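Please read the structure below before turning to the comments.
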Amino acid sequence: MKLPHKAHVALVDGTTFVVMQNTGKPFAPELEAVAKPELSATNFSAGVRHQDPVSQQQGRTDLNELAHGAAAAEWLNARAIAGEIEGVLIVADPKTLGEMRRHYHSELEKRILGEIPKTMTGETSARIAEAISTA
């Protein structure tokens with residue numbers, strides 16, 4: 001995947017949110033950490049969709065994790081609306097990514113360069129850059 005110079009990369013899972021920026025070339029990204037925002041998970045709207053008692057008992061749905069994904073999307077929305085983010089690649093585990101999509105603002109949608117449904121929050125920047133290059 002081509003990642004433009006200075007494009008942002010949002011790494012998200014149910015508990016972690018890290019924003020990085022490409023300081024390298026489009027086909028040879030080099031990622032540098034820009035921010036690790038502290039989010040306040042207040043949007044529990046996913047609870048309306050995830051009322052299945054079996055899933056709750058088996059631990060398949062954690063509303064706190066989904067609320068964290070919603071908060072990450074809201075943080076990205078605010079930066080896109082303010083013009084602080086020109087292009088962003090979102091790398092998130094599939095469940096978090098699905099929740100984030102429900103909260104994208106149209107301004108953020110215009111700036112999304114792509115999505116990678118994969119958990120990469122614990123990986124090194126070199127491994128993340130490699131995953132982006134091969135996507």
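The values are calculated or read from the model by the stated rules, or taken from the named source; none is laboratory data. Small disclaimer: the values here were computed from a predicted structure and weren't measured. Cβ placement follows ideal geometry from the backbone for every residue including glycine, while neighbour counts extend to all protein chains displayed.
Does region 39-46 include one or more residues that are over 22 Å from residue 94 (Cβ atoms) and either surrounded by 14 or more Cβ atoms within 10 Å (Cβ to Cβ) or modelled with pLDDT under 90 (or both)?
Initially, region 39-46 is screened for residues over 22 Å from residue 94 (Cβ atoms), giving 40, 42.
Subset that is either surrounded by 14 or more Cβ atoms within 10 Å (Cβ to Cβ) or modelled with pLDDT under 90 (or both): 40, 42.
Taking every residue of region 39-46 in turn, at least one turns out to be over 22 Å from residue 94 (Cβ atoms) and either surrounded by 14 or more Cβ atoms within 10 Å (Cβ to Cβ) or modelled with pLDDT under 90 (or both).
When you go through 132, 112 one by one, which is the residue that is closer than 24 Å to residue 24 by Cβ, in contact with a strand residue (DSSP E or B) (Cβ under 7 Å, 6 or more places away or on another chain) and surrounded by fewer than 18 Cβ atoms within 10 Å (Cβ to Cβ)? Can you show your working first?
Working: 132 fails: surrounded by fewer than 18 Cβ atoms within 10 Å (Cβ to Cβ).
Checking each option against the conditions leaves just 112.
Just one of 12, 34 is modelled with pLDDT of 90 or more, in contact with a Leu (Cβ under 9 Å, 6 or more places away or on another chain) and among the β-branched types (Val, Ile, Thr); which is it?
Working: 34 fails: in contact with a Leu (Cβ under 9 Å, 6 or more places away or on another chain).
None of the others qualify; the one that does is 12.
What's the total number of residues in region 5-31 that are over 24 Å from residue 74 (Cβ atoms) and either free of Cβ contacts under 8 Å to residues at least 24 places away in the same chain or surrounded by fewer than 13 Cβ atoms within 10 Å (Cβ to Cβ) (or both)? Before you say what the answer is, go through the steps one by one.
As a first pass, look at region 5-31 and keep what is over 24 Å from residue 74 (Cβ atoms): 5, 23-30.
Narrowing further to those that are either free of Cβ contacts under 8 Å to residues at least 24 places away in the same chain or surrounded by fewer than 13 Cβ atoms within 10 Å (Cβ to Cβ) (or both): 5, 23, 25, 27-28.
Going through region 5-31 one residue at a time, the tally reaches 5.
Check region 68-75 and report whether any residue there is at pLDDT 95 or above and among the aliphatic types (A, V, I, L, M).
yes
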